[in-house]
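Here is the structure we will look at, set down as structure tokens.
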Amino acid sequence: MSSVIVCSGPHDGHVSPMLGVAGHLIDCGHRVRFLTGPDYEAAVKAVGAEFLPLGPGAEYSAEPSSATGVQAIREGIRGLVIEPARGQYLPLEAAIAAEHTDAVLAEVTFMGAATLSRLPRSQRPAVIACGILPLTLSSPDCAPYGSGLAPGKGKAARLRNRVLNWMVEDVVLKDSQQQVDDLTRELVGVGLDGLFILDWARRAELIAQFTVEEFEYPRSDAPDNLRFFGPMSRHAASASVTPKPDWWGELDGSRPVVYVTQGTVSNEDFTALVGPTLEGLAEEDVTVVVSTGRRPLSALPPLPANARAAEFLPDAELLPKVAVYVTNGGYGGLHYAMENGVPIVVAGDTEDKPEGAARVAWAGVGINLKTGRPKPAAIRHAVKKVLSDGHYCDGSQRIGRAIAASPGVAGLIDEMEAMLRKE
């Protein structure tokens, strides 16, 4: 049995996949402590882990950012990396000092683990960086993370990527890089030594990316410690206890089901995606199903005759009935859709969503509308195209087969155990 600390920032989309990992570690007989925000104490204890609270300053902003492009990258580094770092690292350091720890598994935005990884291996546990977002590693083969640009092909694309990466690393994020370097030196006595902020996982013992290779850009300089395990969320996708709405029986296959959701975070303003989808498809021969992500149904605009809504729906049982998934691009939701072979229409331009959206188009699993506030006509056109062109369904089914074949949590635990046995 190993003693493991699992770490996550206090955010549903970050905590949820890491809880799945923690639960399986416990099932395999490992001792698990889970470091995150106090709002998740009950969820942590429910999977059988010991709860460890983050320190002061480690809470994320409750308001989703509306920033896009370069500004979104800067805000993300500030809000996800710089501001919470101290409140993440100090309780992690204390937990390691209090009890022998073999490994720290942390989602990739958890700067406390990034800071820990700067110490010599003889002075710390093994660090496993868990990729709950599209892979952040910079590469001459890829445009900068956050740009929402596909890699491109040929020498011209590589030149573009090099120039854009230089702009981001040495101009746009130069001040942020210095702030992180100063903070890391203060906390552990070692700076970044030229390592780009978003590349910290290269220094971890393992990068466990929660997707399949088919849904990630190839990198000729990918590090040896990178592994693809597939999404973790499917392991929680068994029979749901979520009550089904009284209209569930209408999803009988008599007409295509279009499922639209803005997730559980970026769902304060339904005029961004849900509203335009309802309007754009109101006259189409489809059934539009809306999940509000636990927000009250009264927050929705009026529903047309062909629409049904619920605050929360059992995705595992709904998605096999869905013909098109309309989403703002949350990483977990994209994988749920592809696991079920459902083609995607994606409209997201904040946080990590442009990166997921770009991969949807690149992988041929759907249409990227390249905006967070699409027009009703654009959604209608995209949905009709996806319904009529089997290419997108074929692409999603191809990724779905790769997900089904991926090792998942069991593979990650096997890799961790093998790595620890060698030490």
| note | Under the Karplus relation with 6.51, -1.76 and 1.60 and θ = phi - 60°, whole-Hz ³J(HN,Hα) for the stretch 375-385, x at Gly and Pro, equal 6, x, 5, 5, 5, 4, 4, 5, 5, 5, 5
| task | Report the FRET efficiency, 1/(1 + (r/R0)^6), for residue 271 and residue 121, where r is their Cβ-Cβ distance and R0 is 41 Å, rounded to 0.05. | result | 0.20
| request: Evaluate the distance, in nm, between pseudo-label points positioned 7 Å from the Cα of residue 311 and of residue 213 along their respective Cα→Cβ axes. | output: 4.5
| query | To the nearest 0.05, what FRET efficiency results for residue 294 and residue 51 with a Förster distance of 25 Å applied to their C-beta separation? | reply | 0.65
| field | Chain lengthening between residue 164 and residue 78 when straightened (0.36 nm per residue, less Cα-Cα) | value | 28.9 nm
| query | How many Å³ per residue does the convex hull of the Cα positions in the chain occupy? | reply | 135
| Which percent, to the nearest 5, of DSSP beta bridges fully inside the chain are antiparallel? | 0
| task | Give the long-range amide H neighbours of residue 367: residues separated by 5 or more places, or on another chain, with amide H under 5 Å away, using H modelled in the peptide plane at 1.01 Å from N. | result | 344, 345, 346
| request: Please work out how many pairs of lysine residues in the chain are eight or more positions apart (or on different chains) and have Cα atoms closer than 17 angstrom. | output: 5
| task | Mind grabbing the base-10 log of I(q)/I(0) for the stretch 285-343 at q = 0.19 Å⁻¹? Debye formula, identical points on the C-alpha positions, no solvent, two decimal places. | result | -0.74
| field | Kirkwood hydrodynamic radius of the stretch 240-404, from inverse mean 1/r over distinct Cα pairs, in Å | value | 15.4
| said: Run the helix sum for the chain: -39,500 (n - 2.57) per DSSP H stretch of 4+ residues, divided by residue count, reported at 222 nm to the nearest 500 deg cm²/dmol. | reply: -11000 deg cm²/dmol
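None of the figures in this text is laboratory data; all of them are computed from the coordinates on show. Please read all numbers here as calculations on a predicted model, not as lab measurements. As a convention, Cβ positions derive from the backbone with ideal geometry for all residues, glycine included, and neighbour counts pool all protein chains shown.
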